[in-house]
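To start, the structure under review is shown below, and the notes come after it.
Derivation of every value follows stated rules applied to the coordinates shown; laboratory data play no part. As the structure is a computational prediction, the values presented were derived from the model and not from experiment. Positions of Cβ are backbone-derived with ideal geometry, glycine not excepted, and every protein chain shown enters the neighbour counts.
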Amino acid sequence: MQVLVHPETSPWVLQTRVAGDKSLSHRALILGAMAEGESVLTGLSESRDVRATLRCLQALGARVGRAGPRWVVSGWGQAGPSEPEQVLDCGGSGTTLRLLAGVLAAGRGLSVLTGDSSLRRRPMARIVQPLSRMGARIWGRGEGGLAPLVLQQGALRALEWDLSIPSAQVKSCLLLAGLQAGVQVALREPLPSRDHTERMLQALGVPLERAGLTVRLSGPACVPGFCFAVPGDPSSAAFLVAAAVMNPGARARIEGVLLNPGRLGFFELLRRMGGRVHWEVTGEELGEPVGWIEAHGSKLRALDVGPEEVPAALDELPLLAVVATRAAGRTRVQGAGELRHKECDRIHHLVGELRRMGARIWEQAEGFEVEGPVRLSGGAVRCHRDHRMEMGLAVAALSAAGPTRLLGAGFSDVSFPGFWDLLPGNR
């Protein structure tokens, strides 16, 4: 699929909502499947990744029904997941595969988790090793480092584990394994990562404690059925906010969006660049703060991003490179090597495509440098079958000189359903 994006030269105003948060939607479905009784979810993301989680949970015995905006999940409770009759296809969703691996490590029978070619290239030893330490019977390609993963029923034991990298997916995998098996889990991170699983478990009464970089699940617990209105995805809102700060006279306001402190890293970085970005918490849903974000066209300056700042903004760092093309000075990002292990090598391919548009950008081993400001030029760029690359290049095209043709587009609904309908100039 090809998409032609024309630059938006006149001031524009956008006030909207974005689709439900993808990370929360995965977790709400999984915890609803693990719960005793029914859970009612509204605002659930219908992204391609979340649909993969839904299909896998149904194959494991969860019953999911829909009436308009309401999704009702009938969980398997203490009985645990059923043995699936076929291989579980996680598509391109690392969250689906890694979190379900934790659940299935304490499941019944035999399960096989796989996905598309990009997911089968992503590293899995980071969950296989600690799950094996817990007593899980788990195997994978490449000496356990790659999917497909095969899990055989076994008894899990308590775990204490130091995570080698800050990873919400690894942390959540191990917490869900402990929850499903009814055993204690204590995890220590080198740096903070997203805490959605911890917040949701605590809000549901599961005995879980957090102290600094340590999280501890105390042991057996029953997840009750719950109601949850999923707030908007800040990672989706980030593209509209970035488009606003890059374009003089523009304004974007996104209502009902998740404002978890661990998800505001990108917006904090924009503020440091001189971006006129503001937000306010107006409520709470299942332990998560919710409110609005507003952004205006801004005069931007370069900044340095160190490794300690990366976890809170990892998915948005390629978008930061796009913004940095409009910032005065040299922007440097370090410690972001994890970007090389996403749907594509987001460092290498981002640098290459932005150079095609005239950006002064250089690839580093674990990051990149961008010299600005520069007016990008339209032309033809490739999206590399990566939803965040596609949307980031679309934002770059909005402020380019001349139209830009995005080749290999059509993947934005992996995380942001409705992106092309909301993008200024393309509505």
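Structure summary
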{"quantity": "Selected from Gly142, Gly408, Gly335 as most flexible by GNM, with the chain as the system and alpha-carbon contacts under 10 Å", "calculated": "Gly142"}
{"quantity": "Total charge dipole magnitude, the range 36-81, about the Cα centre, Cβ charges on Lys, Arg, Asp, Glu only, Debye to nearest 20", "calculated": "180 debye"}
{"quantity": "Label-point gap, in nm, between Arg108 and Thr9 - each point 7 angstrom along Cα→Cβ", "calculated": "6.6 nm"}
{"quantity": "Ranked Lys22, Lys299, criterion: other C-beta atoms within 10 Å, fewest first", "calculated": "Lys299, Lys22"}
{"quantity": "Highest-fluctuation residue, Ala211, Ala125, Ala101 considered, GNM on the chain with Cα pairs under 10 Å", "calculated": "Ala211"}
{"quantity": "The range 391-417 and the range 353-379: distance between their alpha carbon centers, rounded to Å", "calculated": "16 Å"}
{"quantity": "Farthest positive-ward along the range 232-300 dipole, Cα basis, beta-carbon charges - from Asn247, Gly283, Asn260", "calculated": "Asn247"}
{"quantity": "Efficiency of FRET from Cβ geometry, Asp116 and Ser164, R₀ 25 Å, rounded to 0.05", "calculated": "0.45"}
{"quantity": "Most mobile of Gly92, Gly20, Gly205 in a GNM of the chain (Cα contacts under 10 Å)", "calculated": "Gly205"}
{"quantity": "Rounded to 5, the percent of DSSP beta bridges in the chain classed as antiparallel", "calculated": "70 percent"}
{"quantity": "Using a Förster distance of 25 Å, the FRET efficiency for Gln58-Arg137 (Cβ separation, nearest 0.05)", "calculated": "0.55"}
{"quantity": "Gain on full stretching of the segment that runs from Gln86 to Gln152 - 0.36 nm per residue minus C-alpha separation", "calculated": "22.4 nm"}
{"quantity": "Summed side-chain charge close to Gly329 - residues other than Gly329 whose Cβ falls under 14 Å, Lys, Arg +1, Asp, Glu -1", "calculated": "+4"}
{"quantity": "Net charge of Cβ neighbours under 11 Å - reference Leu376; Lys, Arg +1; Asp, Glu -1", "calculated": "+4"}
{"quantity": "Gain in span if fully extended, Cys222 to Val281, counting 0.36 nm per residue against the direct Cα distance", "calculated": "18.2 nm"}
{"quantity": "About the Cα centre, charge dipole magnitude for the range 22-229 (Lys/Arg +1, Asp/Glu -1 at Cβ), debye", "calculated": "320 debye"}
{"quantity": "Of Thr42, Trp362, Leu131, farthest towards positive along the dipole that unit charges on Lys, Arg, Asp, Glu beta carbons give the chain", "calculated": "Trp362"}
{"quantity": "Stretch gain in nm, segment Arg356-Gln78, where the contour uses 0.36 nm per residue and the Cα spacing is subtracted", "calculated": "94.6 nm"}
{"quantity": "The chain - charge dipole about Cα centre, Lys and Arg +1 at Cβ, Asp and Glu -1, debye rounded to 20", "calculated": "660 debye"}
{"quantity": "Förster radius 56 Å - calculated FRET efficiency between Leu213 and Ala401 (Cβ-Cβ, nearest 0.05)", "calculated": "0.75"}
{"quantity": "Dipole of the range 341-419, positive end: most advanced residue of Ala400, Ser412, Val351 [Cβ charges, Cα centre]", "calculated": "Ala400"}
{"quantity": "Two-site label geometry, Val40 and Arg271: point separation in nm, points 7 Å out along Cα→Cβ", "calculated": "3.6 nm"}
